[in-house]
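J.: Take this structure first; my questions come after.
The values are calculated or read from the model by the stated rules, or taken from the named source; none is laboratory data. Please read all numbers here as calculations on a predicted model, not as lab measurements. Positions of Cβ are backbone-derived with ideal geometry, glycine not excepted, and every protein chain shown enters the neighbour counts. The protein model used for the area step is the full one, side chains on, heavy atoms only, and it has no ligands, DNA or RNA in it. Shrake-Rupley method; radii C 1.70, N 1.55, O 1.52, S 1.80 Å.
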Number of protein chains: 2
Amino acid sequence: MPSAAGRGQGPERDRRPESGEQPAADDYAKERYGVSSMIQSQEKPDRVLVRIKDLTEEKADEVVWVRGRIHTSRAKGKQCFLVLRQQQFNIQALVAVGQHASKQMVKFAANINKESIVDVEGVVRKAHQKIGGCTQQDVELHVQKIYVISLAEPRLPLQLDDAVRPEVEGEEDGRATVNQDTRLDNRVIDLRTSTSQAVFCLQSGICQLFRETLIRKGFVEIQTPKIISAASEGGANVFTVSYFKSSAYLAQSPQLYKQMCICADFEKVFCVGPVFRAEDSNTHRHLTEFVGLDIEMAFNYHYHEVVDEIADTMVQIFKGLQERFQTEIQTVNKQFPCEPFKFLEPTLRLEYREGVAMLREAGVEMGDEDDLSTPNEKLLGRLVKEKYDTDFYILDKYPLAVRPFYTMPDPVNPKNSNSYDMFMRGEEILSGAQRIHDPQLLTERAQHHGIDLEKIKAYIDSFRFGAPPHAGGGIGLERVTMLYLGLHNVRQTSMFPRDPKRLTP
Amino acid sequence: MPSAAGRGQGPERDRRPESGEQPAADDYAKERYGVSSMIQSQEKPDRVLVRIKDLTEEKADEVVWVRGRIHTSRAKGKQCFLVLRQQQFNIQALVAVGQHASKQMVKFAANINKESIVDVEGVVRKAHQKIGGCTQQDVELHVQKIYVISLAEPRLPLQLDDAVRPEVEGEEDGRATVNQDTRLDNRVIDLRTSTSQAVFCLQSGICQLFRETLIRKGFVEIQTPKIISAASEGGANVFTVSYFKSSAYLAQSPQLYKQMCICADFEKVFCVGPVFRAEDSNTHRHLTEFVGLDIEMAFNYHYHEVVDEIADTMVQIFKGLQERFQTEIQTVNKQFPCEPFKFLEPTLRLEYREGVAMLREAGVEMGDEDDLSTPNEKLLGRLVKEKYDTDFYILDKYPLAVRPFYTMPDPVNPKNSNSYDMFMRGEEILSGAQRIHDPQLLTERAQHHGIDLEKIKAYIDSFRFGAPPHAGGGIGLERVTMLYLGLHNVRQTSMFPRDPKRLTP
């Protein structure tokens, strides 16, 4: 038994739940509950706190200490049923009048505000029947001691149970769901739901798999500056920063820096970092600040060498998520049901003209060199899914006219370009291209686009001292997370989203 | 043999090195050299390009294709000696008049501008004697074909050989070295040196080891916003951003967001991202934008649980660098000689008062609650190295007075705090603390510091719904790289450094 070392004793019991009473003199359990004083690193007890997810039948009849939040609490005569929560896991805990608990102790436990953090000592008992609503269905905890570690305020701005309720269910039986602004305004609480926990653990996994794969492929991670002196693409949609006595901009993409690294012989580089877009777009898939997973790579003879590497990286991410994050996927599916994500190996690559042909066959009218509208993009995604049974594909050889000036023209058909987008469930997640590495052609193309050469002089000059042919692309992390999980708003996959109307928390 | 498929033929030979002549009609080698047309992904030849680092004696007498830069070039009668470079590796290549090369071809090769990228076909031959100055000392390449892939301009803004010369050597024999501004102004070339290649490969390794270790320890990676609505610590040293019709700030640290994640039950989080400081400091170790490796972690009873995890993470980084990046360390040492980095396991932890006592013993006059000046910090580093033989240590229990308002006071001595710095070679690389997780105490401490409570309301409110005790810290990536390698300026370890006077490239 670990020493209680003052826990729940004397000065450590100075603050109580609002409805708490002083323990009565005749309370035989008075040392077994209370509010601990603030943990200020007073001591290093050798008490072991067991993880809730590890409380299984194998631990039956053991006495354990657990730290968790009061998820729910229900008093019933001489008993109080608590659900203790730890991240995505929870267990039922019973405080019942008896040898260890007095009626005052049961009342104390019943009155602890939801979301408070408590330390509980209890015996693990096999449950007589499966406990519905808990992740630990086969055992419950018979509480012998309970101390409040951090007390939550009594009124929560949102209820966690409401926040994980599928919208359909709420609509059907009139129970509450939580709207997005309430969630985002109270993100600290909203992020505690099993769904949020799962979404962001999976997002962490995407970053990890992205980097793991690229490092295995011999890529080097680079760090590119976010404060830049000149707006990279002409100055539209760029945030201005006051920089000492002058001003500067926030980078809309790390592209110039990735390309400089290629010209500096790093050969294969990637970076993960914020990207800023001052676009006044209030859609389900635009943010003013998002996380870019960026790749740039020198190739030998054909940009498909790069396309293949990027596509394979995405495939490795999809596979890794399937293998390592099955629990998280299922947790999210409970609230947001969705078909499993399908992909092919190798990845399906269609040419733009083939996509246009499929759309025309489905009745869409569009020109060979028109860009894809968002509805057509989605429609094409459905057509591709029907025909090829994949949620992930590449559209290659976009018309030159719809791509930026630095895009390499197709050597065969000058109306096309060596550029590509990648799609998940019919929405774009990556845009990329072979870049022009020849300063003369780059100058011509910039002039053709009416770009002020003075403003991009540094960019063009980067290619004057020998530049290998190269290609790359940028992936939006929040979009990948959203589309992989079949969610419907990128704000669900950004911890603290930024859009034209939201800058807090 | 791969098909030459037009390489060096017809229209593909349209641009020539400046001094190039049209091949004479009597040139028997005329198909064996030239300037390739720009690689526009015209074809997918099955030619295999061999890596220079793989050209060893085992490949002797094989015919190989190599792509590399012309590092140096020296014509000598009917021969031309080239050094071909690929990242940190290089090999001598010989073009000599004979069966494969005509005198025109030797002249063509000798006239290719340095730093141009070429494709070379050659026979690997055992060298008669070690080839000094090349990484591949035992073999050379006898060139049979040579085509220019990307031509560099004839005049380089800096010479790579000058850029890797140790300063001492340059001073001694009057040979040129390259000053920092020239390097940074021409970063694309400066980054090609073996030293730069090694520095940034090692930096990529630090990030990788940091994350690898933390993920193994159960941490979750988070992404925190960089555009924020309120300046986190009172508004000094913060960059302002115009945000649509309003204004915002650039985050000086992800701390508030890390702490919110802890309050949202993520328990152990880390993030890697840019941190912005509008400080007008022009020192060897300050940047206005740097990369923060940030950690935050809930603990059970004592913040030393967190200190131990952070220190062990640093130790894992040091060990991993030793094991995996020995070549890079040695490459950097050639230009910047330095003692190997020493550390203890477990990490040495001294209390602040012990550090002060050591300084006083060495003749420094300072009060118990004075902060460490930079010279004293360095002196202490030397004293600790002498006494304990370690370049890495922790200074714990800083005076409360010199730490931010959110720092948890020491429960025993109210003049001290539960805070710590970590040092490498006598310079601070991490600052951290147990944070106050109690809204009432946090309010009191903010008032004590004269901070406007309205401005930090959202911060304090984050702790109102149950907050676990937690601690963390932030590490400066560029400083860790600099100090591990014994370099002297943080601009050497930032690819594109930002300071009050530099915003480009």
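J.: Under the Kirkwood approximation for Rh and a Cα-based Rg, what ratio Rg/Rh is obtained for segment B:289-385? Show your work: numbers first, answer last.
T.: Numbers: Rg = 17.0 Å, Rh = 16.5 Å.
Ratio of gyration radius to Kirkwood radius: 1.03.
J.: Sequence neighbours fewer than 8 away in the same chain don't count; with that in mind, list the lysines whose C-alpha is under 18 Å from B:K385.
T.: B:K342
J.: Can you compute the charge dipole magnitude of chain A about its Cα centre, using +1 on each Lys and Arg Cβ and -1 on each Asp and Glu Cβ, nothing else charged? Give it in debye, rounded to the nearest 20.
T.: 1900 debye
J.: While we're on this one: Give, to the nearest whole percent, the P(r) tail of the protein assembly as shown beyond 45 angstrom, counting all Cα pairs.
T.: 39 percent
J.: Nm distances between the label at B:D308 and the same-position labels in the remaining copies, 7 Å along Cα→Cβ, shortest first?
T.: B:D308 label point versus its equivalents elsewhere: 5.0 nm.
J.: Starting from a Cα-only point model with no solvent, please compute log10 I(q)/I(0) by Debye for segment A:144-214 at q = 0.21, 0.24, 0.28 1/Å.
T.: -0.94, -1.06, -1.21
J.: Now for a separate question. Give the shape of segment A:22-147 as rounded, prolate or oblate, defined through the alpha-carbon gyration tensor: a ≥ b ≥ c are the square roots of its eigenvalues, a/c under 1.5 means rounded, and otherwise the shape is prolate if a/b is larger than b/c and oblate if not.
T.: oblate
J.: Continuing with the same structure: At a probe radius of 1.4 Å, what is the per-residue accessible area of B:F244, in Å² to the nearest 10?
T.: Its accessible surface works out to 70 Å², give or take rounding.
J.: Also: How many partner chain Cβ atoms sit within 10 Å of a residue's Cβ in peptide B:459-472, on average, as a whole number?
T.: Partner Cβ neighbours, averaged per residue: 6.
J.: Let me ask something else. Any idea of the total accessible area buried by the A-B contact, 1.4 Å probe, rounded to 100 Å²?
T.: Interface area, both chains combined: 9300 Å², rounded to the nearest 100.
J.: Between B:Q322 and the same site in the other copies, what are the distances in nm, shortest first, taking label points 7 Å from Cα along the C-beta direction?
T.: 4.2
J.: Where does segment B:396-505 land on the Kirkwood hydrodynamic radius, alpha-carbon pairs, in angstrom?
T.: Result for segment B:396-505 stands at 16.2 Å.
J.: Please calculate the 1.4 Å probe accessible area of B:D162, with all protein chains present, and give it to the nearest 10 Å².
T.: Ignoring ligands and nucleic acids, B:D162 comes out at about 30 Å².
J.: If you don't mind, there's one more thing I want to ask. Could you please report the charge total around B:E221, scoring K, R as +1 and D, E as -1 over all other residues with beta-carbon less than 11 angstrom from its beta-carbon?
T.: Value of the local net charge: +2.
J.: Per residue, how much accessible area does chain A show when a 1.4 Å probe rolls over the protein heavy atoms, in square angstrom?
T.: So chain A comes to 40 Å² accessible per residue, rounded to a whole number.
J.: To continue, here is another question. Among the lysines, select those whose C-alpha is under 20 Å from the C-alpha of A:K30, and discard any that sit fewer than 8 residues away in the same chain.
T.: Reachable lysines: A:K78, A:K103, A:K107, A:K145.
J.: Can you give the alpha-carbon Rg of chain B over 2.2 N^0.38 Å, where N counts its residues?
T.: Taking N as the residue count of chain B, the ratio is 1.22.
J.: Same structure again: Note the distances from A:K78 to each other copy's matching label point, with points 7 Å along the Cα-to-beta-carbon direction, in nm, sorted shortest first.
T.: 11.2
J.: Could you give the distance between the Cα centres of segment A:356-407 and segment A:247-286, to the whole Å?
T.: 25 Å
J.: Here is a follow-up. Once the convex hull of the alpha carbons of segment A:436-491 is built, what does its volume come to per residue, in cubic angstrom?
T.: 140 Å³
J.: For the protein assembly as shown, build the charge dipole from Cβ charges (+1 Lys, Arg; -1 Asp, Glu) around the Cα centre, then report which of B:H100, B:I206, A:A251 sits farthest towards its positive end.
T.: Towards the positive end, the residue furthest out is B:H100.
J.: Something else: Suppose every K and R has +1 on its Cβ and every D and E has -1 on its Cβ; what is the size of the dipole of segment B:166-263 about the Cα centre, in Debye to the nearest 20?
T.: Result for segment B:166-263 is approximately 840 debye, rounded to the nearest 20.
J.: Picking from A:L191, A:G174, A:I222, whose Cα lies most toward the positive end of the charge dipole for segment A:128-230 (charges on Cβ: Lys, Arg +1; Asp, Glu -1)?
T.: Going by the charge dipole, the pick is A:I222.
J.: Kindly provide log₁₀ I(q)/I(0) values, in the same order as q = 0.14, 0.16, 0.18, 0.19 Å⁻¹, from the Debye equation applied to equal alpha-carbon scatterers of segment B:224-367.
T.: -1.07, -1.22, -1.25, -1.24
J.: Ratio of segment B:283-328's C-alpha Rg to 2.2 N^0.38 Å, to two decimals?
T.: Dividing the Cα Rg of segment B:283-328 by 2.2 N^0.38 Å gives 1.57.
J.: Further question: May I ask you to rank B:R498, A:R74, A:R425 by accessible area, largest first, using a 1.4 Å probe over the protein chains only?
T.: A:R74, A:R425, B:R498
J.: If you average 1/r across every pair of different Cα atoms in segment A:368-457 and take the reciprocal, what Kirkwood value do you get, in Å?
T.: 14.3 Å
J.: While we're on this one: Taking every residue in A:262-272, how many Cβ atoms of other protein chains lie within 10 Å of its Cβ, on average?
T.: Working: counts 1, 6, 12, 15, 9, 2, 0, 2, 1, 1, 5.
Taking all residues of A:262-272 together, the mean is 5.
J.: Return the Rg/Rh ratio of segment A:192-293 with Cα-based radii and a Kirkwood Rh.
T.: Expressed as Rg/Rh, it is 1.04.
J.: Name the residue from A:I112, A:S431, A:L503 whose Cα lies farthest towards the positive end of the charge dipole of chain A, charges +1 on Cβ of Lys and Arg and -1 on Cβ of Asp and Glu.
T.: Looking along the dipole axis, the top candidate is A:I112.
J.: Next question, about the same structure. Per residue of A:201-210, what is the mean number of Cβ atoms on other protein chains within 10 angstrom of that residue's Cβ?
T.: Mean shielding by partner chains, rounded to a whole number: 3.
J.: A further question follows. Largest first, how would A:V168, B:V178 line up by accessible area (1.4 Å probe)?
T.: Working: A:V168 95, B:V178 20 Å².
Result of the area sort, largest leading: A:V168, B:V178.
J.: Take the residue pairs A:K258/B:K245; B:K397/B:K455; A:K217/A:K457; A:K258/B:K226; A:K268/B:K53 and return only those whose Cα atoms are more than 23 Å apart.
T.: In this structure, A:K258/B:K245; B:K397/B:K455; A:K217/A:K457 lie more than 23 Å apart at Cα.
J.: Given R₀ = 25 Å, what would the calculated FRET efficiency be for A:R51 paired with A:K217, taking r from the Cβ atoms and rounding to 0.05?
T.: Taking R0 as 25 Å, the efficiency between A:R51 and A:K217 is 0.10.
J.: So what is the 222 nm mean residue ellipticity for chain A from helices alone, if each DSSP H run of at least 4 adds -39500 (n - 2.57) and you divide by all residues, rounding to the nearest 500 deg cm²/dmol?
T.: Numbers: 14 runs with 140 residues, N = 505.
Calculated at 222 nm, the ellipticity per residue is -8000 deg cm²/dmol.
J.: While we're on this one: If each Cα of segment B:78-196 is one equal point scatterer, what is log10 of I(q)/I(0) from the Debye formula at q = 0.11, 0.14, 0.20 Å⁻¹?
T.: With one equal scatterer per Cα and no solvent, log10 I(q)/I(0) is -0.44, -0.69, -1.17.
J.: Summing +1 for each Lys or Arg and -1 for each Asp or Glu, what net charge is found among the other residues whose Cβ lies under 13 Å from the Cβ of A:K59?
T.: Value of the local net charge: -3.
J.: Roughly how much of A:R464 is accessible, in Å² to the nearest 10, using a 1.4 Å probe?
T.: About 70 Å², ignoring ligands and nucleic acids.
J.: For segment B:417-432 and segment A:68-98, what is the separation of their Cα centres, given in Å?
T.: Between the Cα centre of segment B:417-432 and that of segment A:68-98, the gap is 42 Å.
J.: OK, next. Quick one: grab the alpha carbon gyration tensor of segment B:216-275, order the square roots of its eigenvalues as a ≥ b ≥ c, and give me rounded if a/c is under 1.5, else prolate or oblate depending on whether a/b is larger than b/c.
T.: It comes out prolate by the Cα gyration axes.
J.: Can you give me the % of accessible surface on segment A:58-167 that is carbon or sulfur? Probe 1.4 Å, all protein chains present, nothing else counted.
T.: Details: 2090 of 4620 Å².
Carbon and sulfur: 45 percent of the exposed surface of segment A:58-167.
J.: Given charges of +1 on the Cβ of Lys and Arg and -1 on the Cβ of Asp and Glu, with all other atoms neutral, how large is the dipole of segment A:40-130 about its Cα centre, in debye to the nearest 20? Mind showing how you got there, number by number?
T.: Working: 17 positive and 10 negative charges, 101 e Å.
The calculation lands at about 480 debye.
J.: I would also like to ask the following. Using the alpha-carbon centroid of each, what span in Å lies between segment B:442-505 and segment B:295-329?
T.: Value for the Cα centre distance between the two parts: 19 Å.
J.: If you don't mind, another one. Add +1 for every Lys or Arg and -1 for every Asp or Glu among the other residues with Cβ under 11 Å from the Cβ of A:K258, and state the total.
T.: Working: positive: A:K268, A:R435; negative: A:D294, A:E296.
It works out to a net charge of 0.
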